[in-house]
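Here's the structure we're looking at; comments come further down.
The values are calculated or read from the model by the stated rules, or taken from the named source; none is laboratory data. On a predicted model such as this, the values are computed, not experimentally measured, just so you know. All Cβ positions, even for glycine, are placed from backbone atoms using ideal geometry, and neighbour counts span all protein chains on display. SASA here: full protein model, heavy atoms, side chains in, ligands and nucleic acids out. Shrake-Rupley method; radii C 1.70, N 1.55, O 1.52, S 1.80 Å.
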Amino acid sequence: MPEKDREHLNEKNRIVIKIGSSSLTHEETGDLNLAKIEKLVRVISDLKGQGKDVVLVSSGAIAAGRQALGHKKRPDTLAQKQAFAAVGQARLMMVYQKLFAEYNQTAAQVLLTKHTMIQDSSRYNAQNTFEELLKLGAIPIVNENDTVSTAEIPYVDTFGDNDRLSAVVSALVGADLLILLSDIDGLYSDDPKTNPDARFISLVREINENLMSMGKSTSSSDVGTGGMSAKLAAARIATDSGTDMVIANGEDVAVIQEIMEGAAKGTLFLAHANQDFDLMNYLNNEY
């Protein structure tokens, strides 16, 4: 049965879904998992069929570039990362375009940088583009523009990871719900991979410093970048801007449907709109 705090999730009309590289690739090879991507496309198309607006923040460009170029290791240099992203982003969008077309949906690519967001004119243009795309019934597929972001200076000109990026996008488009799909079930009191006594936390009503200290800054995936600390930072941005957020395991993307139906999947962070919330403060000061 749905938990009381989750019963309202089926009423959400504007949803941002973030899926990480580890959820889009085969663990053994790092290659794109086409069967899983097809299932994700089907789930999102069904949400669209229910009349909901959906924005997808998708990692996987660098992984797709590695696959296309036959490079099995993570990139060692910034130039390598950007080259893989240039090849892989085109390939990833080709896959999404083809699969969404099979469900009579239109996908649109939106590549962002932090520089885009901190400049008033470009941020307003981005916001207007999202609004128009959603009005036209398209599904914006968002990623950071890794080919130009200067990732050698962490968090100065980059979002750092797609967890934070998805929260910023949620704030920008006024999303009702943000769903972060990763290789973890949700928030634990400690790392469950090293501490068998770690306690799973199903519901978070308020994000405080004690909770933030539970975050881990590392990612166990060979293809991902964001650990729990990034997800908690995303939760703070999302909930302060008035967006509920769920962290859930993306091993089976059908979990999206279960979340929308109110099932006790993942960790739910309840929105508590902060009247003092200012997206620019987060972008300029928080990371």
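Every condition in (1) open to solvent by less than 40 Å² (accessible area, probe 1.4 Å); (2) closer than 30 Å to residue 174 by Cβ holds for residue 38 except the one numbered (1).
Are any residues in the range 185-213 in a loop (DSSP other than H, G, I, E, B), modelled with pLDDT of 85 or more and of a type in the set (A, V, I, L, M), and if so, which ones? Hit for the range 185-213 is 198, nothing else.
Scoring residue 3 on the criteria (1) farther than 16 Å from residue 255 by Cβ; (2) modelled with pLDDT under 90 leaves a single failure, condition (1).
Does residue 25 satisfy the condition of being in contact with a strand residue (DSSP E or B) (Cβ under 9 Å, 6 or more places away or on another chain), surrounded by fewer than 17 Cβ atoms within 10 Å (Cβ to Cβ) and among the polar types (S, T, N, Q)? Quick ask: steps written out before the conclusion?
Numbers: in contact with a strand residue (DSSP E or B) (Cβ under 9 Å, 6 or more places away or on another chain): yes; surrounded by fewer than 17 Cβ atoms within 10 Å (Cβ to Cβ): no; among the polar types (S, T, N, Q): yes.
Judged against the criteria, residue 25 is not a match.
Residue 79: open to solvent by 60 Å² or more (accessible area, probe 1.4 Å) and without any contact (Cβ under 8 Å) to a residue 24 or more places away in the chain, yes or no? It is true that residue 79 is open to solvent by 60 Å² or more (accessible area, probe 1.4 Å) and without any contact (Cβ under 8 Å) to a residue 24 or more places away in the chain. On the stretch given as the range 110-151, residues that are in contact (Cβ under 8 Å) with a residue 60 or more places away in the chain and of a type outside the set (S, T, N, Q) total 13. If we keep just the residues of the range 82-138 that are within 23 Å of residue 163 (Cα to Cα) and of a type in the set (Lys, Arg), which is most open to solvent (accessible area, probe 1.4 Å)? It comes out as 91.
For residue 58, the criteria (1) open to solvent by less than 60 Å² (accessible area, probe 1.4 Å); (2) more than 19 Å from residue 109 (Cα to Cα) hold in every case but one, which is (2).
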